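Accompanying notes for the structure given below.
Every number here is computed from the coordinates shown, using simple stated rules; none is lab data. Everything numeric here is computed off the predicted structure, so don't read it as measured data. Note that each Cβ is placed from the backbone with ideal geometry, even for glycine, and that neighbours are counted across all protein chains shown.
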């Protein structure tokens, strides 16, 4: 946490260990909610990584998360195969 205070990053990643089962574990959900609120107040974005189920996605959306990664959202691809927004 000290690194977040010192570096003041634009983006913080919510580790897969917190994302996994966030829909079934009230302690994970509470920590994700707290980090989301911290990010909102600090003016940073949190990216939830490792989203694999619709239920995890629904909980994270409900907590106000706007960015995520995971097999549910799309499998990893070579950058050459991605269609880049213009």
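Using Cβ counts within 10 Å as a stand-in for footprinting exposure, how do 11, 4 rank, fewest first? Write out the running numbers ahead of the final one.
Details: 11 10, 4 14.
In increasing order of surrounding Cβ atoms, one gets 11, 4.
Exposure proxy shown here: for 17, 75, the number of other Cβ atoms within 10 Å sets the order, fewest to most, as 75, 17.
Which value results when the Cα radius of gyration for the range 2-81 is divided by 2.2 N^0.38 Å? Display every interim value, and only then the final one.
Numbers: Rg = 13.0 Å, N = 80, 2.2 N^0.38 = 11.6 Å.
So the range 2-81 has a normalised radius of gyration of 1.11.
Using the Cβ-Cβ distance between residue 55 and residue 4 with R0 set to 35 Å, the FRET efficiency works out to roughly 0.80.
One chain, two ends: residue 77 and residue 11. Fully extended at 0.36 nm per residue, the span grows by 21.6 nm beyond their Cα-Cα distance. Each of 65, 38 was scored by other Cβ atoms within 10 Å of its Cβ. Arranged with the fewest first, they read 38, 65. Over the chain, dividing the summed -39,500 (n - 2.57) contributions of all DSSP H runs of at least 4 residues by the number of residues returns a 222 nm mean residue ellipticity of -12000 deg cm²/dmol. Between residue 44 and residue 25, the modelled labels are 2.1 nm apart [label points 7 Å from Cα along Cα→Cβ].
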